[in-house]
Structures are given as structure tokens and as C-alpha cells.
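Student: Have a look at this one before I ask anything.
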Amino acid sequence: MARIGVFVCQCGNNIEGTVDTKKVAEEAQKLPGVVYSRNYKFMCSSPGQEMLKEAIKKHRLDGVLVSACSPHMHEKTFRKASDAAGLNPFRCEMANIREQCSWVHHDRTKKTGTVKGNDLTRMAIERLKRNRPLKKINIPVTRRALVIGGGIAGIQAALDIAEGGREVILVEREPSIGGNMARLSETFPTMDCSQCILTPKMVEVELNEKIKLYAYSEVEKVDGYIGNFTVRIRRKAKYVDEDLCTGCGECIEKCPFKAGSEFELGLTSRKVIYTPFPQSVPNIPVIDAPNCPKFQKDKCGACAVVCGPKAIDFKQKDTVVEEKVGAVVVATGYQMMPNERFGEYGYGRFKDVISGMQFERLASSSGPTGGEIRRPSDGKVPETVVFIQCVGSRDEAKGVSYCSKVCCMYTAKHTMLFRHKVKSGQAYVFYMDIRAGGKRYEEFVRKAIEKDGAMYLRGRVSRVYEKDGKVVVCGADTLSNSQVEIEADMVVLATAVVSRKGSDGLARTIGIGSDRHGFYNEYHPKLKPVETVNAGIYLAGACMGPMDIPESVNMGSAAAGKVLGLFSSEEMAREPIVANVNERVCNACWDCVVACPYSAIERFTVKNGQGDVMGMHAKVNEGVCQGCGVCVAACRSKAIDLAGYTDEQVFAAINAF
Amino acid sequence: MNIKLVKEDIESALIRQLERISGEDVKKCYQCGNCSAGCPVAYAMDVPPAQMIRFLQLGRGGEAFGAGSMWLCVGCLQCYSRCPKNVSAASLFEALRQMRLRSGGGHEEVREIPLPFLKGAPQQALVCGFRKLVG
């Protein structure tokens with residue numbers, strides 16, 4: 001016979017207000033198997049917990065039920081207390097008579113609340129009687145991490161994890177790390193030069209012995225589960241031997257062919273053998289094979305001729321490497337929405353209508369104009385520049401519904417940079433709202449207006465057209481209730497920040513969720529901002545939504561903190577609330593495999609000693625299972641049970657009602 | 001209304017002179033509308049204070065001078081006391097009046113005001129009127 005103790009909490013007046021806890025305790029006492037029952041003012045208080053511990057010892061309890069608040073609130077507290085008194089913590093259960101009972105009843109006579117309190121307690125006791133003691137599951141942890149994406153968020157995460165003494169594999173798709181931040185001229189609100197603050201970090205990555213950098217590589221597959229991932233990485237052929245190349249740049253110098261520069265966003269061209277920008281890390285060039293005559297027509301080969309250490313290898317092939325890691329940080333960043341979608345602004349039709357990111361390159365001292373603001377059409381210094389905000393952002397019909405968050409700030413910065421470089425210039429900004437929420441951000445925007453004279457116009461642009469070498473912009477200023485017209489020399493569009501093309505594909509590859517815009521979902525928007533539904537996989541930076549540099553760095557460090565926490569011991573303990581498959585009953589229909597949102601169930605083949613296939617059944621990976629119970633519901637043959645929530649327990653509870 | 005915006009208007013001598021007389025910087029205003037909200041006579045103005053400042057920001061002196069609002073402003077300074085950016089719309093109205101009076105416009109000859117009106121008007125109205133209209 002069970003020896004169960006019942007503890008009914010008054011929670012001050014939270015429960016006692018509408019539930020007669022004394023009565024609930026008395027009713028429970030009458031149930032078979034209950035040997036001890038009482039109520040108390042605050043069960044979660046130290047005296048309350050002590051009482052529970054003493055009762056376990058004194059009455060030799062083999063099960064404890066606490067009728068109190070939601071298990072979310074204090075299940076851990078009482079299980080810990082039970083454990084301390086020598087009782088298996090999973091033999092301690094809770095009945096929620098607060099959130100689901102006292103708080104939703106208003107009957108001050110306590111009549112209805114007490115009835116429900118009794119019911120909930122009785123049901124939980126029946127469930128508890130059938131509870132088996134469970135043991136925490138220990139999983140070994142591979143203490144090295146994978147960081148996908150070498151932008152500022154990924155760099156920060158990699159550096160912090162390495163700082164914590166753990167190995168990091170940093171995978172970057174482009175030939176160099178640095179991401180979008182490497183393109184920026186100066187950064188708001190302090191106006192420090194982006195490359196000046198970024199490149200030291202890039203070099204740190206290169207020099208850090210704990211960081212293995214795979215540039216020009218892509219993650220193809222992530223298998224496994226928290227602490228035990230196997231990652232397949234494709235290292236794209238650079239046609240340059242990394243071990244031999246000294247980064248002297250002679251090949252780039254001598255290469256006679258050119259192609260549009262991705263890094264400069266088409267504002268200029270680069271050689272066919274190239275590094276994206278002078279401070280690239282690693283400083284190893286790659287050959288753009290589709291544009292290289294050597295590959296297309298077997299002509300030229302100048303780079304191989306001039307290369308001293310003979311590092312050029314036209315026969316190089318992609319290689320695939322496999323790495324074992326315990327945690328993954330996804331920091332794949334963002335891209336800008338293609339401007340062509342907004343015909344009224346003339347992007348693509350008029351050369352002097354450019355994107356904000358292109359303006360960054362024009363303003364950058366390492367950019368195609370050496371930092372002078374010159375318009376693309378004729379290289380003239382523009383006197384009048386119109387900036388249009390919310391191009392694609394906050395536009396449910398043609399763009400995206402969300403605010404891209406950084407455009408207000410970078411547009412204000414652009415007007416400043418323009419005015420600093422073109423003293424006689426005039427900047428106009430069409431905006432809907434100015435969103436400058438951040439430390440020193442509002443002051444920054446006001447400075448652009450009050451000190452540097454940017455003319456902010458509250459309204460949208462209706463039309464942009466070319467006339468006598470000018471770009472005429474028509475729009476509204478709702479503050480003066482008028483239509484306005486500006487003869488500009490150049491127009492800059494603050495286009496929306498969108499998720500990277502193919503971000504949903506990567507989400508599927510690594511088993512995390514993404515929203516309808518392709519941004520990755522955090523586990524909880526407030527309390528678990530860097531975790532994902534897939535344990536052991538963390539997020540950092542703008543792959544989860546528009547984000548500025550400080551926020552990306554925050555998230556990179558936060559993700560690194562989580563990774564280091566996970567790596568603090570060689571094994572990690574997991575809650576044993578996982579699904580178990582009864583192999584004899586499973587008929588291998590695989591409904592559970594399809595239903596499992598965590599990809600925790602595999603198709604297992606049973607073989608005999610000779611290697612003959614004897615049968616198949618579903619197998620739950622305890623490291624991945626989150627105990628949600630979807631498979632239990634999906635299983636037609638009732639072969640799956642959830643530990644701690646078995647069918648037997650649930651039916652017993654229902655029958656007790 | 002259709003406005004052609006040019007730097008020469010935004011930074012015109014007229015606007016600079018208004019700023020000099022009033023001691024205000026129109027660029028400081030961020031168009032929150034507190035002045036228009038609190039102004040006891042804004043209901044009767046054709047261009048309320050905030051919008052008047054907006055015209056000055058856009059370099060549209062004509063619209064500001066063309067409006068009758070400056071003659072309605074009583075100089076109570078409610079706008080200034082509530083302005084989060086410390087801009088005094090009243091001072092700008094005063095400057096507009098001064099400039100108008102100096103150019104010979106809007107001037108009232110006390111002698112030409114009918115005596116019965118003067119006798120019937122409250123004292124405060126006379127003080128205020130003389131200050132504003134006589135120049």
C-alpha cells in the first residue's frame with residue numbers, strides 16, 4: 001500500500017480566499033493510501049519545505065502531493081525538498097489549485113472552490129500512486145561549438161566561447177568573415193568607423209588558437225542532439241591552396257579580368273581572383289570560376305604564373321568535412337530587400353537612385369570613391385540628396401509588415417555623413433515615424449536635424465523621375481499639409497531588412513523554427529531569447545529579426561554564455577520526462593516520426609548476430625525528446641508512453657474525477 | 001498646396017532674420033503639437049502655432065506672413081511653458097508681427113480707432129492691442 005503525504009497550501013489568501021484548504025486536506029486524508037495530510041500557510045516557504053521533509057522521514061512517505069500553485073511555479077522547489085529528504089523527486093507531484101481553481105472562482109463562501117480543490121487533489125493523488133521513481137538522464141557533452149556565420153554576432157559568439165576555453169568552429173559562406181558590418185562606413189550613434197572597430201576582432205578570430213575558421217564554406221547537414229551534434233561542412237573550392245598562399249596579392253594585381261564586386265554592391269568591379277576587401281580574414285583570394293577564362297575557355301592562367309609559392313590549383317575540388325560539436329550558434333545574419341520591387345522610387349531605372357547599403361560604400365573611406373560622396377551616373381558631387389525611409393518596411397501590401405528598426409538611425413547617420421562631406425549640401429528625409437529607441441539614439445537624430453540641418457518631411461514619396469540631370473522627388477509633408485517637390489541630385493532608399501535567402505532551408509537542416517518572414521524563432525520571446533526549440537542550438541544576431549550592431553553583439557555574447565554553461569561539465573543531466581516505445585507493440589507505421597516536432601524519433605532496424613534484419617521499430621532519442629507527448633497521441637498501436645505521464649496515470653486521474 | 005523645396009528658401013535671409021528677432025531656432029521644433037494643443041486662441045487661427053513653425057522650417061515665410069494667426073496670439077506664453085524643446089511660438093509670432101509692422105504693414109493708427117470701440121473694450125485688450133498693433 002502506498003504511503004502518501006498530502007500538503008495543501010493556503011498561499012496566504014490566494015488559495016484560502018476561495019478554497020477551504022483545511023477541508024481539502026481532511027478529504028484527502030480519507031483516501032486509501034494517504035497516510036498524512038495537512039494544510040499550511042505557505043508551503044514554498046522554508047518552514048513549509050522543512051515540514052514536508054520532516055513528514056517524509058517521520059511518516060516514511062513514498063509519495064508527496066503538494067496541492068498549491070502551478071507546477072511551473074514550484075514543482076522544482078518541492079522536488080528538490082523531497083530529494084533532500086531521500087524521496088525520489090519524481091515521486092513528488094503537484095495539483096494546481098491556485099491558477100486553475102482559487103483564482104478563477106469568486107465564491108467567497110468557498111463552496112465551489114473547495115469542491116474543485118478536492119477534485120483536483122483527488123485526481124492528482126491517483127496519478128501519483130502510479131508514478132514510478134525516475135532517474136535524471138545523463139548525456140555526454142562534446143565540449144566544442146559550431147558557429148554558423150562570421151558577421152559581428154558570430155564573431156562575438158566565437159570569441160567569447162574561445163575565451164571561455166572551448167574550441168570553436170566558425171563557418172562563413174563568403175571568402176572573408178566580417179559580414180554586413182564590414183560594408184558600413186561609420187556606425188551610429190558614436191560615429192566610429194565600422195572597419196576600425198570590426199577588423200581587430202576579425203584578426204583576433206584568425207589568431208585565436210581555439211577557433212578553427214572555415215571561410216568560403218557552408219553547413220550542409222546537422223545531425224544529432226544537444227551535446228552530440230555531427231556537422232557536415234562543404235568547403236567550396238577556392239582554387240588557391242590555403243597552406244601555400246602567403247596572401248601577397250600578386251595574383252590579384254596581375255589578373256586581367258574583372259567582374260562586378262559583390263562586396264561593393266555593384267558600384268564597382270573586382271578582379272576575377274579576389275578577396276572581398278583589403279582587410280579580408282582569411283587573407284586568401286578565391287577564383288570566381290564562372291567568370292574566369294581559364295575555367296571557361298582554358299585561357300590565361302596569369303595568376304598561376306605570377307604566384308611565387310605556386311598556390312594556385314585550378315583542379316581543386318569542393319571538400320566535405322565532418323565535425324563533432326556539442327552546441328551550435330546560428331548567426332547567419334540578414335540581407336536587404338531587393339529595391340526593384342518599388343517602381344515608384346525608380347531603383348534600377350535611374351542610376352542615381354541607390355540603396356542605403358550602397359550609400360554606406362560611397363561614404364566609406366575604403367569604398368569605390370574613397371569616401372567622397374559621388375553619384376553613380378556622372379561622378380558629380382551631389383548637392384541635394386533625398387533619403388526615403390520605410391522602403392518595404394511597415395508595408396503589408398508590397399513589403400513586410402514589421403519595422404526594420406535600423407533605418408531611422410542609419411538614415412540620420414547618412415544625412416550627417418553627407419553634410420560633413422558636402423558642406424554646402426542639403427539632405428531631405430521622407431519618414432513616417434522616427435524610431436530612435438536606444439541609448440543616445442534620439443539625441444543622435446535630433447543632432448542630424450538641428451545641427452546638420454537635415455530637413456525631415458513627414459510623409460511618403462509618390463513619384464521619382466529624371467529631369468535635366470536631376471532626380472525629381474514628389475511627395476507629401478503631412479505636417480504642413482502640403483505636397484512637396486524636390487529637385488535632387490541623388491536619392492537613397494532605406495530598404496527593409498529581410499531574412500537571408502534560403503534561411504528557411506537552413507532552419508529545416510538544423511531543426512529550428514522560422515517565422516513567415518524567414519527569421520528564426522527564439523524559444524521564448526522574452527525569457528529565452530537566444531535558445532531555440534532544438535536544445536543545444538542557439539541564435540545570435542539579425543537572423544532572428546532586424547537588429548543593430550550593439551544588439552547583435554549582445555546576442556552573440558549571450559549565446560556564448562549559454563554554450564559555455566552547457567560545456568561546464570562533461571555530462572549534462574536531463575529531465576527524464578521522455579517518451580518510451582514498447583518495441584513489441586510498435587508496428588513501425590512511423591506516424592510518431594512524422595508527428596515529432598523535435599525529430600527525436602528514429603526508425604530503428606533490429607538485426608541479429610548475422611546481420612539479418614529482424615524487424616523495425618520506433619526509437620526515441622532521449623537526448624532530443626522534450627516530453628511533449630505528441631507521439632503518444634499519434635501512436636495508433638498505443639506503443640508509446642510518456643514517463644511521468646503514462647496512459648495508466650492519466651486514466652486513473654480521469655476515473656477519480 | 002504644392003511646395004517646391006529648395007535649400008535657398010530653407011536657409012533664406014527672411015527666416016534667419018525671424019530667428020534673430022525671436023531668439024528661436026526653428027529647427028529645434030519636432031512638431032509634437034503641444035503649442036497648438038495648449039494655445040487658448042488656436043481654435044480661431046487659420047494656421048495654428050505648430051504648423052506656423054513648420055512653414056518656417058520649410059522656408060515658407062510667405063505662408064507664415066500670409067496667415068492671420070500672428071494677430072491673434074495674445075502672448076500668454078502657454079506654448080513656451082509647455083514646449084518640450086524650449087521653443088517659444090509666441091516669440092516667433094512676435095517676430096512676425098515686428099517684421100510686418102516694420103515693413104509698414106498691419107499698423108493701426110490709434111487715432112483712427114472709433115472712440116465707442118475704445119470705450120467699450122476691456123483694458124487688457126487695449127494694452128495687448130497697443131503692444132501688438134502699434135509697433
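Student: Out of curiosity, is A:Gly556 in a loop (DSSP other than H, G, I, E, B) and touching a strand residue (DSSP E or B) at 6+ places or on another chain (Cβ under 9 Å)?
Tutor: No, not satisfied.
Student: Please return the ranges of strands (runs of 3 or more DSSP E) entirely within segment A:590-657 where 3 or more residues are touching a residue at least 40 places away in the same chain (Cβ under 8 Å) and either on the phi > 0 side of the Ramachandran plot or crowded, with 18+ Cβ neighbours inside 10 Å (or both).
Tutor: A:640-642
Student: Which condition from (1) in contact with a Leu (Cβ under 6 Å, 6 or more places away or on another chain); (2) over 26 Å from B:Ala37 (Cα atoms) is the one that B:Gly104 breaks?
Tutor: (1)
Student: Got a number for residues in segment A:24-41 being assigned to a strand (DSSP E or B) and of a type in the set (A, V, I, L, M, F, W, C)?
Tutor: 2
Student: Moving on. Of A:Arg361, A:Arg349, A:Arg375, which residue is under 26 Å from A:Glu442 (Cα atoms) and among the charged types (D, E, K, R)?
Tutor: After ruling out the rest, the residue left standing is A:Arg361.
Student: Residue check, A:Ala311 against (1) surrounded by 14 or more Cβ atoms within 10 Å (Cβ to Cβ); (2) under 30 Å from A:Ser503 (Cβ atoms), all met but one. Which one?
Tutor: (2)
Student: Looking only at residues that are surrounded by 18 or more Cβ atoms within 10 Å (Cβ to Cβ) and over 37 Å from the mean Cα position of the chain (by Cα) in segment A:448-470, which one is nearest to the other protein chains (Cβ to nearest Cβ)?
Tutor: By that ranking, first place goes to A:Met455.
Student: Filter segment B:60-76 down to the residues that are under 12 Å from the mean Cα position of the chain (by Cα) and open to solvent by 60 Å² or more (accessible area, probe 1.4 Å), then identify the one that is farthest from the other protein chains (Cβ to nearest Cβ).
Tutor: B:Val74
Student: With of a type in the set (Val, Ile, Thr), surrounded by 23 or more Cβ atoms within 10 Å (Cβ to Cβ), within 12 Å of chain B (Cβ to nearest Cβ) and within 18 Å of B:Ile10 (Cα to Cα) as the only criterion, which of A:Val445, A:Val422, A:Val385 stands out?
Tutor: On inspection, the qualifying residue turns out to be A:Val385.
Student: Of (1) open to solvent by 20 Å² or more (accessible area, probe 1.4 Å); (2) within 13 Å of another protein chain (Cβ to nearest Cβ); (3) in contact with a Ser or Thr (Cβ under 8 Å, 6 or more places away or on another chain), B:Tyr80 satisfies all except one. Which?
Tutor: Failing condition for B:Tyr80: (2).
Student: Of the residues in segment A:440-463, how many are part of a loop (DSSP other than H, G, I, E, B) and in contact with a helix residue (DSSP H, G or I) (Cβ under 8 Å, 6 or more places away or on another chain)?
Tutor: 3
Student: Looking at segment B:94-114, I want the residues that are free of Cβ contacts under 8 Å to residues at least 12 places away in the same chain and have a partner that is outside any loop (DSSP other than H, G, I, E, B) with Cβ atoms under 7 Å, at least 6 apart or on another chain. Which pairs are those?
Tutor: Partner pairs satisfying both residue conditions: none exist.
Student: Being open to solvent by 50 Å² or more (accessible area, probe 1.4 Å), within 14 Å of another protein chain (Cβ to nearest Cβ) and either in contact with a Cys (Cβ under 7 Å, 6 or more places away or on another chain) or not charged (D, E, K, R) (or both) is the requirement here; does B:Val47 meet it?
Tutor: no
Student: Does A:Gly266 qualify as being at positive phi and out of contact with any Phe, Trp or Tyr (no Cβ under 8 Å at 6 or more places or on another chain)?
Tutor: Considered against the rule, which asks whether it is at positive phi and out of contact with any Phe, Trp or Tyr (no Cβ under 8 Å at 6 or more places or on another chain), A:Gly266 comes out as yes.
Student: Among residues belonging to segment A:475-493 that are more than 40 Å from the chain's Cα centre (by Cα) and not hydroxyl-bearing (Ser, Thr, Tyr), point out the one that is farthest from the other protein chains (Cβ to nearest Cβ).
Tutor: A:Asp489
Student: Now for a different question. Identify, by number, the condition in (1) within 30 Å of A:Val530 (Cβ to Cβ); (2) open to solvent by 40 Å² or more (accessible area, probe 1.4 Å); (3) more than 10 Å from chain B (Cβ to nearest Cβ); (4) in contact (Cβ under 8 Å) with a residue 12 or more places away in the chain that A:Ile434 doesn't meet.
Tutor: In the conditions (1) within 30 Å of A:Val530 (Cβ to Cβ); (2) open to solvent by 40 Å² or more (accessible area, probe 1.4 Å); (3) more than 10 Å from chain B (Cβ to nearest Cβ); (4) in contact (Cβ under 8 Å) with a residue 12 or more places away in the chain, A:Ile434 misses (3) alone.
The values are calculated or read from the model by the stated rules, or taken from the named source; none is laboratory data. Quick caveat: nothing in here was measured; it's all calculated off a predicted structure. Note: ideal-geometry Cβ built from the backbone for every residue, glycine included; neighbour counts use all protein chains shown. Accessible surface areas use protein heavy atoms only, side chains included; no ligands, DNA or RNA. Shrake-Rupley method; radii C 1.70, N 1.55, O 1.52, S 1.80 Å.
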